Amino acid sequence: MDKIILGNWKMNGSLKMIENYFSELKSESLSVKKHTVGLAVPFPYLSLFQKYLKQSSWMLGAQDVSQFMEQGAYTGEVSVEMLKDFNTQFALVGHSERRQYFKESNALLTRKIKNLLSGNIIPIFCVGEILEEKESQHTEQVLNEQLNALDNEIDTKNIVIAYEPVWAIGTGKIPTQEEIYTSLKYIRSQILSRHSEADKIPLLYGGSVSGDNAKEIISIEHVDGLLIGGASLKPHDFIKIVQSV
Ligand code: PGA
């Protein structure tokens, strides 16, 4: 089965860096046929990435979206319609950094997911436990609670879920294969118990994925793809991951 390999640039990049990135990327890397590859980029650079990715098979993604649907007096917000103007195909929702720094609640995340779906943009819904929750064996409880954001009205057909243990993000620490398998299996069973048609939801793993561990992680049952932070910022590293899976 084809895998989904997505990069998350977070708040990184500059005009110069993007120019260098694409001049280092070989054109054949941009026409990967085997897998679905994409980058979630900072809002101000959507237009530039759209230009660079135009002739490629890569998907353009955003890292967030507004909870508000209609345009109006929402200073600092970016709407689904604005994302559509740049042919944005997917957007992250509920990344742990948004949960941590912006205290994003389930109700807010539900609105964002619904907005994206109404605009035919794929939400990549991120879930994952922090270290204390893992150590106190509350991982499943936390995942269950986070998955409540996918309420009954949400059509799960076009959703992707990314499991990202927060303690593994940017730390170089990776869960064991068994831990990844167990969490993804749990996520799948939880969604299935709420949305009977959800057996096809692709599940991604994210957290310290590199060219050295991608192959092993992707081979774990239930892992349909990867969400990559740091390593997506360097074309060589990102392509190494894409080629290794
Ligand atoms: P990382 O980030 O690959 O740098 O650990 C992953 C993420 O936050 O999506």
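The values are calculated or read from the model by the stated rules, or taken from the named source; none is laboratory data. Since we're looking at a predicted model, the values are computed, not measured. We place every Cβ from the backbone using ideal geometry, glycine too, and count neighbours over all the protein chains shown.
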Among (1) β-branched (Val, Ile, Thr); (2) surrounded by 21 or more Cβ atoms within 10 Å (Cβ to Cβ); (3) without any contact (Cβ under 8 Å) to a residue 60 or more places away in the chain; (4) within 19 Å of Ile220 (Cα to Cα), Thr182 falls short only on (2)
> On the given criteria, is Gln141 at negative phi, within 16 Å of the ligand (Cβ to nearest atom) and assigned to a helix (DSSP H, G or I)?
Replying inline: no
Being under 27 Å from Ile18 (Cα atoms), among the charged types (D, E, K, R) and without any contact (Cβ under 8 Å) to a residue 24 or more places away in the chain narrows Asp199, Asp212, Asp237 down to just Asp212
Cβ pairs under 8 Å, 6+ apart or interchain, first in segment 160-172 and more than 7 Å from the ligand (Cβ to nearest atom), second among the basic types (Lys, Arg), ordered by first then second residue, are Pro165/Lys134; Trp167/Lys134; Trp167/Lys173
Query raised in the report: With respect to Thr171, is the statement that it is of a type in the set (Val, Ile, Thr), loosely packed, with under 14 Cβ neighbours inside 10 Å and modelled with pLDDT of 95 or more true?
Result: yes
Contact list, first residue from segment 74-97 and of a type in the set (Phe, Trp, Tyr), second anywhere and assigned to a loop (DSSP other than H, G, I, E, B), beta-carbon distance below 9 Å, six or more apart or interchain, is Tyr74/Ser66; Tyr74/Gln67; Tyr74/Phe68; Phe90/Ile121
Output for Cβ contacts, cut-off 8 Å, separation at least six or different chains, first residue within 27 Å of Val160 (Cα to Cα) and touching a residue at least 60 places away in the same chain (Cβ under 8 Å) in segment 12-38, second aliphatic (A, V, I, L, M) and in a helix (DSSP H, G or I), reads Leu25/Ile239; Ser29/Ile239; Ser29/Val242; Val32/Val242; His35/Val242; Val37/Val242
